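Quick notes on the structure that follows.
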Amino acid sequence: MADTPEQSFASIAQRFNELPNPRKFAVLVSLAAAVALVVGLFLWARTPDYRVLFSNLSERDGGAVVTALQQMNVPYKMAEGSGAILVPSEQVYDLRFRLASQGLPRGGAVGFELMDNAKIGMTQFQEQVTYQRALEGELARTIQALSPVDSARVHLAIPKPSVFIRDKQEPSASVFVNLYAGRALDVAQVNSIVHLVSSSVPELTPEHVTVVDQAGRLLTGKNDAGSLRGLNAGQLDYLREVESYYAKRVESIVSPIVGDGNVRAEVRADLDFSEIESTSESYKPNPAAEQQAVRSRQSVLDINGAGNQAAGIPGALSNQPPGPATAPLTAQGGAANAATAQTASGSRREENTINFEIDRTIRHTKESMGRIKRLSVAVVVNYRQQAGQAAKPLAPDEMQQVTNLVREAMGFSQERGDTVNVVNAAFSETKVEPADIPLWKDPSNVAFAKESLKNLLVIGLAFYLVFGVLRPLLKDWLKPKPVEIGKETEDILAAFDAKLAQKELTGYDAHLASVRDFAKQNPKAAADIIKEWISKE
C-alpha cells in the first residue's frame, strides 16, 4: 500500500532530522532560493506593460495628476529624464478620460485664478500685468479645447491708453498653436481663433491677430483676401457643393434604369460670385386725363359789388323774393379754370387749380452672389450586364432616354450655354482584394504571443527548477546512510543462498516456501534484510 501524505511527510522529516547540520543548512538555503526564484518569475510575469499617460507636464499639473492616480489606486511610474507619467497600457485611455472629466491636465497656462490671490499694496502696473496674464491664460485654455490643438499660447500687446488721438495705438495679439501629429487647422477654425481673440480684447480687430503653428507656418495669411487669387475658401466650398448636388441628381435618376454602380457623372459649374445692384427710374409720356391721379385741388371764389346780395336792416322788405336771374360768363383754360360773372351792380370771379401725379416707375435690382452661369455635365453609362452573357451596349433609344433624363435633372438651358455629354462604355474596374495581414504582424496576435511566451517561460523555468534541480538535489541530500549488516546477518544470508542453490526450484511456489521457512527459522535476519531493501529504495 502507498504511504499517506502524513506518513510521507513524517518520513521526510525523519530523514531531515538525521542529516548533519551543514547539510540541513544547505537544504534550507536551496528551498529558500527556489521559492524566491519562483515568486520572482511569477511577479515578473504579472508586471504590467507601462505606457506614457502624459508627458511634458508642468509641476503643477504633474502633482495634480499623481494625486488623482493615488486616489484611484492606480500604479504609476515616473520616467527618468523626460518626466513622463507611465501607467499600465490597458488603462491609458480610460485614465485619460477620467482625468479629463476632472479637468486634468489644466495646461501650463494660468487663468483668472491669479486674481484670487491679489496682494495688498499692488501697483496699478502690477494689476494690469496680472490681468493681462490671466486673460492670456484663459484664451489659451479656450483654444486648447479645439480638437486638433494639443497646446496653445497667447501673447497680447495692449498699449497704454492715451487721451491724445495722435498717440493712440491699436492692440495686437499673437497665437501659437501646437497641433497633434497628423492634424491641421482649416480656414474656418483659424478664423474662429482670430475672432475669439479679437472679441475678448477691447478695440482689437481681427486684422491685428496672428496665428502660427509649431512648424512656423503663418496660418492667418490664408485669410487675407488681398493675397488670394480667384475664389476664397467659402466660395470654393460652395462650388463643390453645387457640382456634387447636380452630380448626385443625375446619378440618382439614371441608376434605376441602368442599375446601381453602372453610371458615373461629373459636373463642372461656372458660378458668378459678383454682386450687382442697379436702380432705374422711368416716366410715361403725357397720359390721358382720365388715366391721371389727382394730387391736389385748389378753388378760389371772389365777388365784388353789391348786386342782388342782401343788405340793409333785416325786416319785411329784405324778405322779399329775389329778382330774375342772369347767366354768368364762364371761361376755362389749361390746368387752372376761372369763372367771372358780372351783373349790373357787381362782379364774381371763381378759380379752380388741379395738380396731377406724374407717372414714374423706380426699380431697384440686387442680384445674388453665386449665380450659375453655365453647367457642363459628363455622364458615362456602363454596358448592360446580363447573367451568363457578355455585356452589351445600350440601344440608341435607351441612350436618348438617358440623355433626356440628364437634361431634365440638371435643368438644361440653351440660353445659358449648358452642355451635356452622355457616353455608353464598358466599365473596366479592377477588383482590389483586401490585403491579408500575416499572423505574425497582427498587433493583437503579437501581444498575445508575447504574453503567452512570457507565461510559458515562467512555467518552464519553474518546472525545471523544481523537478530538474531541486528535487534531485534534495533526494541526494536526504538519502539516508546505508545500513551496515552485521557478521551474523551476512552468515545467515549466505546460508540461505546456499540452501536455495541446493534445492531444486521448480517455480514460484518453491521460492515462496523456502522464503517462508527461512523467515520462520530466522525472523531477525528476515527483518534486517527487509530494512536493507527499503533503505536501498
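The values are calculated or read from the model by the stated rules, or taken from the named source; none is laboratory data. The structure displayed is predicted, hence computed values, not measured ones. We place every Cβ from the backbone using ideal geometry, glycine too, and count neighbours over all the protein chains shown. Only protein heavy atoms, including side chains, enter the accessible area calculation; ligands, DNA and RNA are left aside. Shrake-Rupley method; radii C 1.70, N 1.55, O 1.52, S 1.80 Å.
Please specify each residue of the stretch 117-148 satisfying the condition of being in a helix (DSSP H, G or I) and either among the acidic types (Asp, Glu) or surrounded by fewer than 15 Cβ atoms within 10 Å (Cβ to Cβ) (or both). Those that are in a helix (DSSP H, G or I) and either among the acidic types (Asp, Glu) or surrounded by fewer than 15 Cβ atoms within 10 Å (Cβ to Cβ) (or both): Asn117, Gln124, Phe125, Gln126, Glu127, Gln128, Val129, Tyr131, Glu136, Glu138.
Beta carbons closer than 9 Å, at least 6 apart along the sequence or on distinct chains, pair a first residue in the stretch 382-411 that is within 18 Å of Gly261 (Cα to Cα) and open to solvent by less than 80 Å² (accessible area, probe 1.4 Å) with a second that is among the small types (Gly, Ala, Ser) and not in a loop (DSSP other than H, G, I, E, B) for Val406/Ala265. Just one of the numbered conditions (1) out of contact with any Gly (no Cβ under 6 Å at 6 or more places or on another chain); (2) at pLDDT below 85 is not true of Val110: (1).
If we keep just the residues of the stretch 21-52 that are under 47 Å from the mean Cα position of the chain (by Cα) and among the small types (Gly, Ala, Ser), which is farthest from Val466 (Cα to Cα)? Per the criteria, the residue is Ala45. Note on the stretch 69-93: residues that are open to solvent by less than 70 Å² (accessible area, probe 1.4 Å) and assigned to a helix (DSSP H, G or I) total 4. Looking at Val187, Val211, just one residue is at pLDDT 90 or above, surrounded by 13 or more Cβ atoms within 10 Å (Cβ to Cβ) and of a type in the set (A, V, I, L, M, F, W, C), and that residue is Val211.
Set side by side, the residues Ala36, Ala45, Ala2 differ, and just one is modelled with pLDDT under 85, among the hydrophobic types (A, V, I, L, M, F, W, C) and either in a loop (DSSP other than H, G, I, E, B) or open to solvent by 100 Å² or more (accessible area, probe 1.4 Å) (or both), which is Ala2. Residues that are modelled with pLDDT of 55 or more and of a type outside the set (Gly, Ala, Ser) number at least 2 in the following strands (runs of 3 or more DSSP E) confined to the stretch 267-358: 276-283, 294-305, 346-356.
If you go through the stretch 155-203 and keep only what is touching a strand residue (DSSP E or B) at 6+ places or on another chain (Cβ under 8 Å) and under 17 Å from Gln128 (Cα atoms), you end up with His155, Leu156, Ala157, Pro171, Ser172, Ala173, Val201. The set of residues in the stretch 48-66 being farther than 12 Å from Pro105 by Cβ and either out of contact with any helix residue (DSSP H, G or I) (no Cβ under 8 Å at 6 or more places or on another chain) or surrounded by fewer than 16 Cβ atoms within 10 Å (Cβ to Cβ) (or both) consists of Pro48, Asp49, Arg51, Val52.
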